[in-house]
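Some notes on the structure that comes next.
Any read-out appearing in this document is the output of simple, stated calculations on the displayed coordinates, not a laboratory observation. This is a predicted model, so every value here is computed, not measured. Cβ placement follows ideal geometry from the backbone for every residue including glycine, while neighbour counts extend to all protein chains displayed.
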Amino acid sequence: MKKISEASPPHTANPSRRSFIAKTGAVVATAAIAGAPAILRAQSVPIRIGYWPVAAGLPFYAAVEAGYFKEAGLEVQALKFAGAQQVMEAMLSGRADGSANGTGAGNLAIGEIAQPGLFKIFATNPSNAKYVLDEFLVPKDSAIKSIAELKGKKVASGPGIQNVTLAKTVLERAGATGATVVELPIGQHVASLAAGQIDACYTLEPTGTVGRMSNSTRVLETGVIAKYILGDPMAPWHGGAAALTTEFIKKHPVEAKKYIAAYARGIELVRSNPDKARTYLKGYTAIEGSLTNEVPLAAYMLYNEFKPSDIAYFQKFYDLFVEKGVFSQRIVVDNLIYKG
């Protein structure tokens with residue numbers, strides 16, 4: 001497995017980890033020369049997967065670190081990006097073969113409009129008031145008690161058209177007229193709130209956990225997209241998606257199926273043993289050590305688990321972008337779902 005950082009500061013691993021990786025690489029190389037087992041020699045098709053450091057990418061992080069991809073005989077390269085939009089652009093340019101959960105489904109759709117048939121979604125990470133991913137934060141000592149009170153305030157959102165559009169729409173529908181939305185890398189949200197540079201932010205976990213544990217921010221409201229966009233706090237917001245490019249699926253059908261099966265093991269680990277899965281947030285998000293136990297988790301849905309109601313809510317989410325003029329045409333969600 002390779003973890004590569006693109007469009008963001010290099011990921012800093014600790015010395016012992018680098019030493020371990022270097023030693024492991026030497027052992028594998030020596031074994032290959034001597035006649036390694038087929039599972040090692042078969043790693044000839046690199047699968048480049050883009051992710052950005054949010055908690056929703058947990059099944060991917062777990063599948064990498066727990067060795068599920070390696071056990072399937074796959075060479076998976078984890079490419080870190082500053083935002084979901086950059087992940088989509090990498091897929092569009094052929095620099096990435098897919099996305100991890102947490103990558104904005106709206107961002108992916110823009111790639112689909114630019115290049116029809118670009119990808120297939122095989123898993124989403126639906127969130128709502130119970131399975132928390134999206135939230136509004138304010139400084140800990142802020143007098144603001146509701147989103148409506150953000151009228152005329154300066155509000156940050158994560159980078160990319162999906163985050164900005166959703167932030168503006170929630171503010172509008174909550175009655176916070178005149179608020180100014182500015183794009184800001186998600187890793188800077190807590191510090192910017194603490195420094196008084198912004199009045200609030202629309203963000204994604206683990207940002208809320210980072211702010212709470214550092215005693216510098218508090219949650220104003222969670223599950224805001226389900227409530228204000230989908231009309232029901234418990235509705236599944238399919239805001240992030242794991243996908244593979246159609247080109248990769250066609251060129252490497254066997255590897256694609258193995259990849260999805262191994263990824264599904266990561267999802268199953270999150271479902272069956274969330275405490276163990278949470279440990280894999282370390283190194284991929286801003287959460288470290290025992291703080292990983294505090295992060296709320298999104299739900300996950302595989303391509304063969306979608307019900308008509310899930311497709312309907314997903315479609316309602318996409319239709320918002322048509323309404324706001326972000327999408328130049330309507331995207332039919334069902335056409336984007338991987339069929340196996």
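Descriptive notes on the structure:
- Using R0 = 45 Å, the C-beta based FRET efficiency linking Gln115 and Ser290 works out to 0.55.
- Interchain or long-range residues, amide H under 5 Å from Glu221's placed H: Phe136
- Table column - 3J(HN,Hα) (Hz), region 157-162, Karplus curve with 6.51, -1.76, 1.60, x for Gly and Pro: 9, x, x, x, 5, 5
- Cα centroid separation, region 184-198 to region 233-287 (Å): 28
- Cα extents of the chain along the three principal axes, largest first (Å): 68, 44, 34
- Region 239-340: C-alpha gyration tensor shape, a/c 1.5 cut-off, then a/b vs b/c: oblate
- Estimated from helical segments only, the mean residue ellipticity of the chain at 222 nm is -11500 deg cm²/dmol, where each DSSP H run of four or more residues counts as -39500 (n - 2.57).
- Across region 63-78, coupling constants 3J(HN,Hα) worked out from phi with the 6.51/-1.76/1.60 Karplus curve, θ = phi - 60°, read 5, 5, 6, 7, x, 5, 5, 4, 5, 7, x, 10, 9, 10, 9, 8 Hz, and Gly and Pro carry x.
- In the structure shown, the pairs Lys70/Lys257; Lys276/Lys339; Lys151/Lys324 are assessed against 23 Å; a Cα-Cα span above that value is assigned to Lys276/Lys339.
- Across region 292-300, computed HN-Hα scalar couplings (Karplus, 6.51 cos²θ - 1.76 cosθ + 1.60, θ = phi - 60°) run 4, 5, 8, 6, x, 10, 6, 8, 9 Hz from first to last residue, x flagging Gly and Pro.
- Distances between placed amide hydrogens fall under 5 Å for Val76 paired with Lys2, Ile47, all partners being 5 or more residues away or on another chain.
- Relative frequency of Cα-Cα separations exceeding 16 Å in region 166-219, percent: 41
- Other-chain or far-sequence residues with amide H under 5 Å of Ala96's (modelled H): Met91
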